[in-house]
Each structure stands twice: as C-alpha cells, then as structure tokens.
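A quick write-up on the structure given underneath.
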Amino acid sequence: MTSLIKSVATIALAPAKTTGLNPLGAPLDAETQVKKGKLQEFMQTLDTGAIARRYQNIRATAIKTAEAGRAFSKLIVQFEAFGDDWSSIGVNTGVGYALYAGDKLLLELQHGPLFLPYSRFWYENQFEQTIPNEVFAELTSLEFIANPDEMQPA
C-alpha cells in the first residue's frame, strides 16, 4: 500500500499590523493584537519519495481581540492544497498544527480532513480555532503538520 509520510514545516509568527484582516471579519479596536507568518510552498511525499500532495500560500494569523466585552484569541490558518496524481483511500487525514514559544510546545490542534475532493486541482482550505489568551501571548511559531495517509493513484 502506498502512503503519504508525515511532513512538518515550521512557520515563524511575529507581531504584525492589523491591516488585511477585513476578509477574516475580526473585530478591531485599539487593543487588538496580531501575529502573522507565511510559508510559500510545502510538499508532502509518498513513502516512495514521489510528491503526492502540495500546499502553497500557507498563511497563519493569530488574533487577540475583544467581542461582546470579553477578550479572546483565535488562530486562522489558510492555504491551498493540490492532490497531484494521488487520492486518499477513504477520508483524508488532513493536517494539524503545533503551537510553540521557542522550543516549548504550547498547544496541538487538528484540522481534520482537507477540502480536497478531486486530484489534480487546487483547493482553498481555512481553519479557525479559539486558543487560550496565554498561548497567544507566548506564541512564536507554528508547525504545519501534513498527516500520513494511505493513497491510491487517481
């Protein structure tokens, strides 16, 4: 059986301006804080070494803001996924994220299945998760984790 291997890419997150958040609908005020990071391209290979899934334009945005009188933080990860000439057997295992402060693991999150209904085409994916404000305060990087998966030729 052909399998995708687990692949990990690290994205540094740094304090950023609040510009460009309108498409995310984030409520902005004087106290809003943002951390952003980006990775242009990331490949996931099969156990044979061939590329079987591609990710591009990976954008990670952490936002701490207030809504309805309470402060909260969210992580939003957006990316495009391409299935190459392979498709998952059954439901794909998707991707996950590990949030770090330097070398210290703060939180692990699972995205669940990718939106990747057909091979040989690019699909937009977006993940949103509320994270603890303490995690936002310490957050310096995110690991983008492409999960292993059993594959078949498309």
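Checked against (1) open to solvent by 60 Å² or more (accessible area, probe 1.4 Å); (2) modelled with pLDDT of 95 or more, Lys17 meets all criteria but (2). Across region 95-112, the qualifying residues are those that are modelled with pLDDT under 95 and under 10 Å from the mean Cα position of the chain (by Cα), and the one among them that is surrounded by the fewest Cβ atoms within 10 Å (Cβ to Cβ) is Gln110. Applying the condition of being among the aliphatic types (A, V, I, L, M) and part of a strand (DSSP E or B) to region 21-47 and asking which residue is surrounded by the most Cβ atoms within 10 Å (Cβ to Cβ) yields Val34.
The values are calculated or read from the model by the stated rules, or taken from the named source; none is laboratory data. Values in this document were obtained by computation on a predicted structure and should not be read as measured data. No Cβ is skipped: glycine too gets one built from the backbone with ideal geometry, and neighbour counts run over all protein chains shown. Accessible surface is based on the protein model in full, side chains and every heavy atom, while ligands, DNA and RNA are left aside. Shrake-Rupley method; radii C 1.70, N 1.55, O 1.52, S 1.80 Å.
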